[in-house]
Every structure is written in structure tokens, then in C-alpha cells.
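Q: The structure is given below, and queries will be raised subsequently.
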Amino acid sequence: MEASVFKQRFMPHWRHLFWTAWRLTGNSQDAEDLVQEVFLKLWTKRDALSNIENDEAYLTTFVTNLFRDQHRRKHLTIADSPAETLAVADESNLAKSIEERDETEQVVRLIGQLPQQQRRVLTLHAVDNLSPKEIESQTGLTAVNIRSLLSRARKNIKQKLNNA
């Protein structure tokens, strides 16, 4: 498979892969690294990819499996380390980490409960980092509608967080 065909076929799925990786890792830098690793591995086996029926499903499974493999490998490396090199987590840091993860999961769940247009505009703006102009060209909505939808989405999420 030539580079141009590879790019045309798989690069349009980059944002979806990044979003999937971000949900898995909870960190944009790790998500970006994971997606880059996926594309690197895909490129090395590009000649065996011609018989894939659903590229997006294949890529989603690929990024999920790669994450699980890396996660498993990290745990094995830590388990193989001598006991004196393992740092015991400070209870306050551990509690803070758990709290932050829970809050992130709650916000992601609340975004999923928003009305479709609010969810779409908020995701394009907050996750895909698109400007209102770019969102306008993608959705066909006016800049005023986009600002209004973003405002309502944020208000809904804040309200639900305060009620929780």
C-alpha cells in the first residue's frame, strides 16, 4: 500500500482514535502517543490491511488492544522490580488521583447525556479543539448558535455536577 493510499484511508479516523485513546488513558499526551503508536504499527503491516471491511472498527479495536498490552506490560515491569525500588503511594496523592479520575469519568458521562447538538458542539470545541469558525463550517450552524449551544452545554454540566 502506498503512502498516499494509506493516508487517505486511515488518517480521516485520527480524531475518533484520539478520542478513544483519551477515554482509555485519561490524558491527552498519552492518548496522542498511543494513536501515533497505532499508526506506526499499521504502517509496518500496511500490505496486510487490504481485506479490512470496516476501517473505523478495526482501528478502534487496534487502539484498545494496544492500550491493554501497554498497560499489562507496565504492571509486569513494576511487579518484576525489586521491592526496595517500589515507591509506596502517599494516601493523599492516591485519594486525589482517584477523585480526579472519578470527576473526569463523571464529566464524560454527563457530556454523553447532553442533547445531541450540545454534545456535538461541545465535543468539537473541547475535545477536537476546533474554533467556532471551524465548527460553523462542519455543522452549518451560525456562530451565535454555536456560542449558545456551548453556553447551554456548560451550564447543564455545571448544574448536574452541583446536584450530584
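The values are calculated or read from the model by the stated rules, or taken from the named source; none is laboratory data. Everything quoted here is computed from the prediction, not taken from an experiment. With ligands, DNA and RNA removed, areas are computed over all heavy atoms of the protein, side chains included. Shrake-Rupley method; radii C 1.70, N 1.55, O 1.52, S 1.80 Å.
Q: Can you sort Phe18, Phe10 by 1.4 Å-probe accessible area, starting with the largest?
A: These residues rank, largest area first, as Phe18, Phe10.
Q: If you don't mind, another one. Determine the alpha carbon to alpha carbon distance for each of Lys7/Lys133; Lys133/Lys158; Lys7/Lys160; Lys41/Lys158 and list only those over 32 Å.
A: Lys7/Lys160; Lys41/Lys158
Q: Once you treat every alpha carbon in the stretch 1-81 as an equal point and sum by Debye, what is log10 I(q)/I(0) at q = 0.12, 0.14, 0.22, 0.25 Å⁻¹?
A: Taking Cα atoms of the stretch 1-81 as identical point scatterers yields -0.37, -0.49, -1.02, -1.22.
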